[in-house]
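Okay, so here's the structure we're looking at.
The values are calculated or read from the model by the stated rules, or taken from the named source; none is laboratory data. Just so it is clear, the structure is predicted and the values come from calculations on it, not from any experiment. In this analysis, Cβ positions are derived from the backbone assuming ideal geometry, glycine residues included, and neighbour counts consider all displayed protein chains. These area figures cover heavy atoms from the full protein model, side chains too; ligands, DNA and RNA do not enter into them. Shrake-Rupley method; radii C 1.70, N 1.55, O 1.52, S 1.80 Å.
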Protein chains: 2
Amino acid sequence: MTTLDDFTVQIHRYNRILVTIDSDDFISSKPAFEYACTTAKMYQIPLGIVSILETGDLNIFQTLSPDVLSQQRADVANLVDTYADKAREFGVLDVTPYVSEGKPGRTVVDQVIPEFKPDLLVVGSERKANANAIGSQASYMVRYAPCSVIVVRN
Amino acid sequence: MTTLDDFTVQIHRYNRILVTIDSDDFISSKPAFEYACTTAKMYQIPLGIVSILETGDLNIFQTLSPDVLSQQRADVANLVDTYADKAREFGVLDVTPYVSEGKPGRTVVDQVIPEFKPDLLVVGSERKANANAIGSQASYMVRYAPCSVIVVRN
């Protein structure tokens with residue numbers, strides 16, 4: 001095993017980036033997305049873009065109504081496609097949009113990461129008054145993702 | 001305020017990087033340090049390297065003994081200087097070593113960050129058996145740092 005004394009610094013770079021988009025929070029998603037695009041373009045590596053339809057946010061009426069749910073699904077899919085187009089316009093060559101449903105933290109860790117296999121997950125941070133604290137979903141991802149995670153603050 | 005529709009992706013890069021070194025954990029510090037050096041070299045930006053002497057880890061005899069404490073201080077200072085030399089050998093031009101004392105999370109957030117003013121904090125993650133969970137000190141920094149934070153996992 002290498003020890004500090006005989007250690008020579010090696011280049012450390014990432015090969016697959018996944019960025020999470022909060023459909024309700026453009027302000028915190030934007031810098032995270034820009035960081036992910038900048039890094040993916042510089043290294044010419046694949047970028048996954050995921051947004052989670054938070055079905056827990058729907059009330060019982062909405063959940064029972066197929067029209068409301070399918071509209072929500074279409075909205076999130078359009079949103080992710082819009083972000084994917086922006087990434088391609090910026091110069092990222094390999095872009096994959098993902099949409100899933102559930103609790104964002106658990107869904108990203110249990111479903112999207114095993115599928116896309118990023119080595120870096122990029123999340124935004126909710127900005128609350130008088131606090132830099134990150135949201136519970138970002139916190140979950142930092143804790144349980146099997147890869148490196150960057151929390152991007154403005 | 002910009003909305004998604006009229007949003008054009010801008011380059012997002014960091015200008016000052018601070019990396020934390022756990023003096024007891026070379027294995028988790030190494031990839032974090034390599035990521036920090038790679039990024040600082042690529043962008044030719046300042047790199048701060050900090051290690052915290054965890055005075056809470058000393059027993060009462062050690063705390064009361066000036067010799068033991070001063071030896072510990074010297075050891076941590078040497079360690080950080082060694083890392084600083086490795087960073088310079090790798091090609092980072094502007095390197096600042098820091099040593100402080102206390103609880104690492106709180107000390108980095110309350111003392112070192114206000115002094116060095118990084119826009120990106122780089123921390124390693126402790127690897128525990130059957131868990132990717134990060135340590136409580138890294139978790140504190142992710143939560144309370146006023147800047148972006150990357151948790152680097154191997």
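General observations
- Magnitude of the charge dipole, the protein assembly as shown, Cβ model with Lys/Arg +1 and Asp/Glu -1, debye to 20: 120
- Accessible-area loss of 10 Å² or more (1.4 Å probe, protein heavy atoms, chain alone versus all protein chains) is found in region A:22-45 for A:Phe26, A:Ile27, A:Lys30, A:Pro31, A:Phe33, A:Glu34, A:Tyr35, A:Thr38, A:Met42, A:Tyr43.
- Label zone of B:Ile11 (point 7 Å out along Cα→Cβ, amide N under 20 Å): in region A:24-45 this covers A:30-45.
- Ascending distances from the A:Ile27 label point to its copies in the other chains, with the point 7 Å along the Cα-to-beta-carbon line: 4.3 nm.
- Taking the convex hull of the alpha carbon positions in the protein assembly as shown and averaging its projected area over all directions gives 18.0 nm².
- Position B:Leu69, label points 7 Å along Cα→Cβ, spacing to each other copy in nm (shortest first, one decimal): 6.4
- Computed over region B:63-124, Kirkwood Rh from alpha-carbon pairs, angstrom: 13.4
- The value given for region A:24-108 is a Kirkwood hydrodynamic radius of 13.9 Å, derived from the mean inverse Cα-Cα separation.
- Å² of accessible area per residue within the protein assembly as shown, as computed with a 1.4 Å probe and no ligands counted: 48
- Semi-axes of the equivalent ellipsoid of region A:4-154 are 28, 18, 15 Å, computed as sqrt(5λ) over the eigenvalues of the C-alpha gyration tensor in descending order.
- Exam field: B:Glu115 pseudo-label spacings to other copies (7 Å along Cα-Cβ), nanometres: 4.8
- Antiparallel DSSP beta bridges within region A:1-151, percent to nearest 5: 5
- The angle between the Cα long axis of helix A:26-43 and the longest principal axis of the Cα atoms of chain A comes to about 40 degrees, rounded to the nearest 10.
- Per residue Cα convex hull volume in Å³ - calculated over region A:1-41: 122
- Cα-based convex hull, region B:8-66, per residue volume (Å³, whole number): 121
- Taking Cα atoms only, the orientation of helix B:66-90 departs from the longest principal axis of chain B by about 30 degrees.
- Across every pair of non-identical alpha carbons in region A:53-97, the mean reciprocal distance, once inverted, gives a Kirkwood radius of 11.9 Å.
- For the protein assembly as shown, the residue among A:Leu93, B:Phe33, B:Leu64 whose Cα projects farthest onto the positive side of the dipole built from Cβ charges is A:Leu93.
- Distance to the A-onto-B rotation axis is smallest for one chain A Cβ; residue and value in angstrom are A:Ile150, 2.
- Counted over the protein assembly as shown, the DSSP beta bridges are approximately 10% antiparallel.
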